[in-house]
Amino acid sequence: MKRLNGAELAGYIKARQAKEVRRLKALRVHPVLAIISEGQQPVNELYLRLKQNYGRDIGVAVKTIDTGDTVDTKRAVLALNEDDSVQAVIVQLPLSNPDMTRETVNLIDPAKDVDGLGAEAAYDSATAMAIMWLLAGYNVDLPGKSVAVVGQGRLVGRPLVKMLVSAGVEPLILDQDTPDLAAKLQSAEIIITATGHPGLITNQMARPGTVIVDAGSASEDGQVKGDAANELYEREDIIITPQKGGVGPLTVAALFDNTLRAVRAKVGPS
């Protein structure tokens, strides 16, 4: 089975970024990414650790702020907006009060919103960028293909649809509650899923030759799992992201790419 290995591609991007950080530091510019997180959720802890490790590897300081609730998170966002030593700010989702997600991310200074979640963000969604990078890196051609996007969340689905449309693709827009989901997916040549419902995408939904990009993540039985059922990984007639090292590593790489863009925008040409 061919795997879409995001970790392999991320390694090349990381080397380029580390070189750029060294150049910035030689100019006495010190990149800082601030991450605000609520509570002790396994998925959040995993992604925080990945970002902290990645930042350390390329030389970007990662400042973490733990808050007790969404009110405190909003206060932290406003404080970081005014902190000139911090060029990039993200809020780790989900929040303890998901209904306040839109209001909270829209508070982030658009010039610092490197996750690309606010309505006025200067940067594209890091996860959507990662998916496009992954497909391009493995020469998965999009024009003329039937592409299905399952999940219409703020973090992945909605921004990804906009990117696909900009690339000349008219995706089939679905979610976990779409009637006859299996029948609709059987017509797709490329399935991109990001619902956070473990095991949602099953064998019967993927015809031979299908490319599956699983960007879903949820905690189940103490483990972080994607949308693709385990049975799909037993097949030899499809192309799929691995259960570990697929979209995640490239999402982190894209986040730090946006971070370095934010730094460059602040310091100007050098």
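Considering the range 87-141 alone, what residues qualify as being in a helix (DSSP H, G or I) and acidic (Asp, Glu)? Don't jump to the end; show me each part of the working.
Within the range 87-141, the subset in a helix (DSSP H, G or I) is 98-105, 126-137.
Listed by number, the residues that qualify are ASP99, GLU103.
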- prompt: What is the residue count in the range 237-270 for residues that are under 22 Å from ALA148 (Cβ atoms) and loosely packed, with under 15 Cβ neighbours inside 10 Å?
  reply: 1
- prompt: Based on what the data block shows, is LYS74 surrounded by 15 or more Cβ atoms within 10 Å (Cβ to Cβ), outside any helix (DSSP H, G or I) and not aliphatic (A, V, I, L, M)?
  reply: no
Members of the range 1-21 that are more than 30 Å from THR101 (Cβ to Cβ) and part of a helix (DSSP H, G or I): GLU8, GLY11, TYR12, ALA15, ARG16, ALA18, LYS19, GLU20, VAL21
Qualifying residue in the range 57-75 (condition: touching a Lys or Arg at 6+ places or on another chain (Cβ under 9 Å), modelled with pLDDT under 95 and among the hydrophobic types (A, V, I, L, M, F, W, C)): no
Filter pass, SER96 being surrounded by fewer than 21 Cβ atoms within 10 Å (Cβ to Cβ), at pLDDT below 95, in contact with a strand residue (DSSP E or B) (Cβ under 7 Å, 6 or more places away or on another chain) and of a type in the set (Gly, Ala, Ser): yes
- prompt: Does GLU38 satisfy being touching a strand residue (DSSP E or B) at 6+ places or on another chain (Cβ under 7 Å) and among the charged types (D, E, K, R)?
  reply: yes
message: Can you pull out every residue in the range 42-69 that is under 14 Å from LEU93 (Cβ atoms), out of contact with any Asp or Glu (no Cβ under 7 Å at 6 or more places or on another chain) and crowded, with 17+ Cβ neighbours inside 10 Å?
response: ASN44, TYR47, LEU48, LYS51
statement: For the range 217-236 the number of residues that are part of a loop (DSSP other than H, G, I, E, B), in contact (Cβ under 8 Å) with a residue 60 or more places away in the chain and over 23 Å from GLN52 (Cβ atoms) is 3
- request: Give LEU24, LEU50 a once-over and let me know the one that is under 21 Å from the mean Cα position of the chain (by Cα), in contact (Cβ under 8 Å) with a residue 24 or more places away in the chain and part of a helix (DSSP H, G or I).
  value: LEU50
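The values are calculated or read from the model by the stated rules, or taken from the named source; none is laboratory data. None of these values were measured; they are calculated from a predicted model. Methodologically, a virtual Cβ is constructed for each residue, glycine included, from the backbone with ideal geometry; neighbour enumeration extends over all protein chains shown.
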